[in-house]
1. Which ones in region 76-99 are in contact (Cβ under 8 Å) with a residue 12 or more places away in the chain, exposed (fewer than 15 other Cβ atoms within 10 Å of the Cβ) and not in a helix (DSSP H, G or I)?
2. Examine region 206-213 for a residue that is surrounded by fewer than 16 Cβ atoms within 10 Å (Cβ to Cβ) and not in a helix (DSSP H, G or I), and state whether such a residue exists.
3. Inspect region 17-33 for any residue being assigned to a helix (DSSP H, G or I), out of contact with any strand residue (DSSP E or B) (no Cβ under 6 Å at 6 or more places or on another chain) and either over 21 Å from residue 146 (Cβ atoms) or modelled with pLDDT of 95 or more (or both) and give the result as yes or no.
4. Look at residue 68 and say whether it is touching a strand residue (DSSP E or B) at 6+ places or on another chain (Cβ under 6 Å), closer than 29 Å to residue 179 by Cβ and surrounded by 20 or more Cβ atoms within 10 Å (Cβ to Cβ).
5. For region 69-92, name all the residues that are under 16 Å from residue 43 (Cβ atoms) and under 18 Å from the mean Cα position of the chain (by Cα).
6. Quick check on residue 186: is it surrounded by 21 or more Cβ atoms within 10 Å (Cβ to Cβ), under 16 Å from the mean Cα position of the chain (by Cα) and modelled with pLDDT of 95 or more?
7. Among residues belonging to region 40-61 that are assigned to a helix (DSSP H, G or I) and touching a residue at least 40 places away in the same chain (Cβ under 8 Å), point out the one that is surrounded by the most Cβ atoms within 10 Å (Cβ to Cβ).
């Protein structure tokens, strides 16, 4: 299983392209569908069969409407969008509503739509070509999940957005015996801790508190930093957690499980 980071920023601009959250598994699965999708060619977009959404915030779903519009008439089957019921309901109400964008779950017909929604619940797994994707609970301002990607040999978890004290997340991570890699959102520097709390995100101090609960020693990569604040956030994280090897995730990075 090859995992390619198409976007991992907390906003556009900033460091090395500044694409927002998008992770590609092999060549046909996306986890989130942010602006990182724009790095794919039309041919590559056409191969995407499944999109797993962590939640409905714009930086995580921005390119989903454009991608389905671009490839819908070239495919023999609909793009399947997986997510919490609340996430899919938000997409129906606010994006694919016929005003902001066409409802591709009904176009060109109910019998042959370009897109279909597949709801999931926390803890549920979907098996695709030997890759098991499991929804892991997180705490955010709206319903959200992280995802465990498990090849059977090793697991990678991508947190999406999470914030504050979230014992459900750390309990779930401690149950993953083959956890090799954790991609964890840390959006704000410590001086913005109040804003991190308010908006359901992590800052270095909150991340350190969470990692104190983590029993294993996976490789840890920081994601979703606000543009212009990446270097400061990484310094603050590393100063609080000198015993852990923590790195910054970058667009274009690849992992093999």
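The values are calculated or read from the model by the stated rules, or taken from the named source; none is laboratory data. Given the structure is predicted, the values throughout are model-derived calculations rather than measurements. Because the Cβ atoms are built from the backbone with ideal geometry, glycine has one as well, and the counts that use them run over all protein chains shown.
1. The one that is in contact (Cβ under 8 Å) with a residue 12 or more places away in the chain, exposed (fewer than 15 other Cβ atoms within 10 Å of the Cβ) and not in a helix (DSSP H, G or I): 77.
2. Yes, because at least one residue in region 206-213 is surrounded by fewer than 16 Cβ atoms within 10 Å (Cβ to Cβ) and not in a helix (DSSP H, G or I).
3. Start the filter on region 17-33 by keeping residues that are assigned to a helix (DSSP H, G or I), which leaves 17.
Next, only the ones that are out of contact with any strand residue (DSSP E or B) (no Cβ under 6 Å at 6 or more places or on another chain) stay: 17.
Still in the list and also either over 21 Å from residue 146 (Cβ atoms) or modelled with pLDDT of 95 or more (or both): 17.
Checked region 17-33: at least one residue is assigned to a helix (DSSP H, G or I), out of contact with any strand residue (DSSP E or B) (no Cβ under 6 Å at 6 or more places or on another chain) and either over 21 Å from residue 146 (Cβ atoms) or modelled with pLDDT of 95 or more (or both).
4. no
5. 79
6. Taking the combined requirement at face value, the residue satisfies it.
7. In this case the residue turns out to be 60.
This table checks each residue for (1) surrounded by 17 or more Cβ atoms within 10 Å (Cβ to Cβ); (2) under 14 Å from the mean Cα position of the chain (by Cα); (3) at pLDDT 95 or above.
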{"residue": "140", "(1), (2), (3)": "yes, yes, yes"}
{"residue": "144", "(1), (2), (3)": "yes, yes, yes"}
{"residue": "163", "(1), (2), (3)": "yes, no, no"}
{"residue": "191", "(1), (2), (3)": "no, no, yes"}
